[in-house]
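Reviewing the structure listed below.
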There are 2 protein chains.
Amino acid sequence: MFDPSLVALRGPLDPNLIDLGYGYPDPALLPVEAMQRASAEALRRFGSNMLSYGANAGPTPLLDWLRVRLGGYDGRTPAPDEVMTTPGNSGALDQLLTLFTQPGDVILVESPTYHLAIRVMRDRPLELATVAADEGGLRPDALDEAISRCMHNGKCARALYCVPTFNNPTGASLDLARRKAIVDIAARAGILIFEDDVYRELTYDAPAPPSLWSLDERGVVLRMGSFSKTLATGLRVGWLTAHRDHIQRIVDGGLLDSGGGHNHFAACVVAALCESGEYETQVDKLRAAYRERRDALLDALQAHLPAGCVVRRPGGGFFVWIELPDGTNTARLLLTAEAHGMSFLPGSRFFLDGGGEDALRLCFTLYAPEALAAAASRLGNALRATPAQNV
Amino acid sequence: MFDPSLVALRGPLDPNLIDLGYGYPDPALLPVEAMQRASAEALRRFGSNMLSYGANAGPTPLLDWLRVRLGGYDGRTPAPDEVMTTPGNSGALDQLLTLFTQPGDVILVESPTYHLAIRVMRDRPLELATVAADEGGLRPDALDEAISRCMHNGKCARALYCVPTFNNPTGASLDLARRKAIVDIAARAGILIFEDDVYRELTYDAPAPPSLWSLDERGVVLRMGSFSKTLATGLRVGWLTAHRDHIQRIVDGGLLDSGGGHNHFAACVVAALCESGEYETQVDKLRAAYRERRDALLDALQAHLPAGCVVRRPGGGFFVWIELPDGTNTARLLLTAEAHGMSFLPGSRFFLDGGGEDALRLCFTLYAPEALAAAASRLGNALRATPAQNV
């Protein structure tokens with residue numbers, strides 16, 4: 001499936017293992033031919049302007065297209081000075097941490113939260129503190145409480161990092177009331193929100209709720225979007241919408257002043273692809289394929305998991321979150337599951353300070369429906385092979 | 001020349017201004033057609049592996065090619081675990097600052113030094129301290145002294161940032177004795193060297209001296225190289241050679257763990273271009289063109305500048321550094337020069353703590369020889385139009 005000399009892998013490739021631990025798009029669905037056409041068209045059209053230092057905010061053709069696109073599927077259209085390109089959401093988060101935090105600041109994160117974002121934060125002299133979530137996602141009352149706790153301890157809560165739409169790992173999306181409450185709490189407390197909005201376009205049942213950014217009238221939300229999940233993870237091209245002062249701070253920062261716009265060459269290829277209309281085609285294709293996969297996995301889990309397992313149904317994104325009956329330790333279950341020919345990520349990976357030992361995350365985008373059904377069956381067998389008290 | 005909707009510019013384009021302030025390659029020399037062939041070939045050959053999360057260290061085909069290439073023009077060939085890709089030198093420096101410094105650390109920089117690297121550092125809670133240079137570049141005795149001063153003040157000198165080969169802004173290259181002395185001083189003091197080696201391939205008279213990295217037996221030098229100046233600045237593809245422990249620290253860091261290899265898509269295009277043999281063709285072409293331009297500029301400066309100006313002759317790179325007679329303030333001269341139809345960067349930009357007021361930097365890579373000669377003539381006229389005490 002993957003060539004290990006080119007692709008980041010979790011470990012040695014095992015053709016007998018259905019590995020739902022990868023949070024990867026299916027290579028078979030990636031737009032190789034559209035990228036061929038877009039690369040040729042971009043170099044033809046932009047010529048040496050594509051090979052020179054890119055404009056700090058990103059290529060205008062891409063930003064113009066993005067504004068129209070966002071106006072169509074989010075709560076509001078960014079003004080020209082409210083949007084810029086980024087090197088994908090990991091690189092965007094890295095830049096936000098450099099420019100908008102100070103050593104010793106507290107960053108609040110959902111619990112559970114995207115485990116690799118935590119690693120980006122832990123490479124810096126920051127403190128992390130958790131905010132509890134439930135089936136509906138991040139709890140506003142828990143945010144209020146976490147901010148108070150910081151103040152009580154004499155700490156500065158600088159920002160909240162969250163994935164409010166089709167969450168990684170739980171798949172949950174905040175409803176409108178929670179979105180408004182969270183933006184309001186952050187604005188009143190004077191903290192920023194780093195909104196990771198990477199799954200917004202991959203919605204399978206209904207339009208995604210408006211972003212926190214679109215509901216923010218006081219300039220506290222910096223919303224990170226990306227072409228990683230819709231076009232290609234290897235591009236490292238994403239975008240940020242935020243208050244013009246925040247955008248200007250990044251555009252005028254040392255990194256872009258020295259190197260020019262983030263990933264200018266790849267961003268120009270994306271601009272050509274988007275303008276050709278092939279972006280919409282690709283997103284429609286992914287939505288249909290991933291919807292089918294999500295449903296195939298959910299159906300198979302219902303058929304094969306023993307009673308007492310709680311399977312969360314995501315409205316979009318990449319992941320299904322499962323809570324197993326009390327006493328099941330999924331870090332230990334993993335060994336049995338791999339012996340049965342399937343893998344997953346144990347829930348504890350997504351919790352900073354304990355928790356999630358009885359949960360696990362499955363990714364449904366990398367494999368075809370038949371493989372997902374087989375993986376669910378194998379997971380059921382693994383669970384039945386080891387009574388709860390022993391796994 | 002440039003399309004401002006795509007390219008980072010210093011200000012509004014003025015067709016009557018010959019602006020030698022830009023440190024840019026000439027767009028007319030950029031390999032647009034070779035990049036067209038390489039993009040098509042890379043997508044054909046690597047397919048979806050080029051669009052997936054890239055291997056954290058970078059695509060193996062590019063790293064393999066790099067190792068051979070470096071073995072041919074530097075003092076030693078890196079082992080497979082001593083090299084990785086980066087998002088160009090600005091992004092590489094940014095990552096090194098994240099992973100190898102602590103808040104409050106002192107970073108030592110040459111004086112003068114690359115002004116935009118300083119801006120990357122100033123976006124962080126670091127202290128900067130200068131190390132004096134002379135016509136031969138960074139002075140080892142001044143490095144020793146700067147480290148002692150830090151210790152005396154109870155500060156931690158963490159790293160030295162320097163451009164030892166075809167320096168920006170002075171064009172100077174350290175001789176072998178200074179290189180060895182600087183590596184030795186750093187190793188004994190326990191500080192790292194962030195070696196900015198972006199101009200190595202652009203040598204016009206003789207092979208470049210060996211890198212500090214190639215002379216380092218104790219793992220203190222992290223050497224940043226790039227395809228920005230040899231292929232295209234907009235690619236944001238560079239590479240790092242360093243001790244395997246340093247490479248591993250970055251490869252295992254949060255940013256790459258989350259996003260995969262830096263700029264995987266563009267790095268795969270570069271791999272295809274390099275393997276095709278077109279890299280050598282392009283470097284040969286640039287060397288010939290830039291040598292002619294350097295010589296045209298130096299000849300015209302000799303013909304047109306008044307007596308008392310000291311013009312440094314660079315053996316490679318992008319820049320000519322000029323020291324004007326005492327009393328000439330180049331920040332003020334700039335206004336007169338621009339009124340005469342040419343521009344430059346005043347020397348004071350490259351000094352952290354004063355100095356360089358009587359110096360200026362000219363870039364000779366962006367314009368054709370005729371334009372460079374005209375710029376030198378205009379600079380001479382500007383100097384003569386304003387007696388030293390008045391400029």
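The values are calculated or read from the model by the stated rules, or taken from the named source; none is laboratory data. The shown structure was predicted, so the numbers you read here are calculated from the model rather than taken from an experiment. Glycine gets a Cβ as well: all are built from the backbone with ideal geometry, and neighbour counts include every protein chain shown. We work out accessible area using only protein heavy atoms, side chains counted, and drop any ligands, DNA or RNA first. Shrake-Rupley method; radii C 1.70, N 1.55, O 1.52, S 1.80 Å.
Among the residues making up region B:261-291, a single one is touching a strand residue (DSSP E or B) at 6+ places or on another chain (Cβ under 9 Å), open to solvent by less than 10 Å² (accessible area, probe 1.4 Å) and either away from every other protein chain (no Cβ under 14 Å) or modelled with pLDDT under 95 (or both): B:Tyr290.
Taking region A:99-196 and the helices (runs of 4 or more DSSP H) fully enclosed by it, the elements with 3 or more residues that are modelled with pLDDT of 95 or more and more than 22 Å from A:Ser226 (Cα to Cα) are at A:140-152, A:176-189. Within the set A:Asn56, A:Asn49, the sole residue that is under 23 Å from B:Pro31 (Cα atoms), open to solvent by less than 30 Å² (accessible area, probe 1.4 Å) and either within 9 Å of chain B (Cβ to nearest Cβ) or free of Cβ contacts under 8 Å to residues at least 40 places away in the same chain (or both) turns out to be A:Asn49. Kindly evaluate A:Asn89 against the criterion of being surrounded by 22 or more Cβ atoms within 10 Å (Cβ to Cβ) and either within 13 Å of another protein chain (Cβ to nearest Cβ) or assigned to a loop (DSSP other than H, G, I, E, B) (or both). Yes: the conditions hold for A:Asn89. Note on region A:198-233: residues that are away from chain B (no Cβ under 14 Å) and in a loop (DSSP other than H, G, I, E, B) total 17. Given the structure, is B:Ala307 of a type in the set (Gly, Ala, Ser) and without any contact (Cβ under 8 Å) to a residue 24 or more places away in the chain? So B:Ala307 passes the test.
Considering region A:1-29, and only residues there that are facing chain B (nearest Cβ under 7 Å) and closer than 21 Å to A:Asn168 by Cα, the residue that is most open to solvent (accessible area, probe 1.4 Å) turns out to be A:Tyr24.
Within the set A:Arg44, A:Arg69, A:Arg37, A:Arg76, the sole residue that is at the interface with chain B (Cβ under 9 Å from one of its Cβ atoms), over 25 Å from A:Leu297 (Cβ atoms) and open to solvent by 30 Å² or more (accessible area, probe 1.4 Å) turns out to be A:Arg44.
For region B:298-349, the set of residues classified as touching a Gly at 6+ places or on another chain (Cβ under 7 Å), among the polar types (S, T, N, Q) and under 30 Å from B:Glu201 (Cα atoms) consists of B:Ser343, B:Ser348, listed by residue number.
Scanning region A:130-166 for residues that are surrounded by 19 or more Cβ atoms within 10 Å (Cβ to Cβ) and aliphatic (A, V, I, L, M) returns A:Val131, A:Ala133, A:Leu138, A:Leu143, A:Ala146, A:Ile147, A:Ala157, A:Ala159, A:Leu160, A:Val163.
For region B:234-251, the set of residues classified as surrounded by 21 or more Cβ atoms within 10 Å (Cβ to Cβ) and either acidic (Asp, Glu) or part of a loop (DSSP other than H, G, I, E, B) (or both) consists of B:Arg236, B:Val237, B:Ala242, listed by residue number. Do you know which residues across region A:59-86 are free of Cβ contacts under 8 Å to residues at least 24 places away in the same chain and outside any helix (DSSP H, G or I)? The one that is free of Cβ contacts under 8 Å to residues at least 24 places away in the same chain and outside any helix (DSSP H, G or I): A:Thr77.
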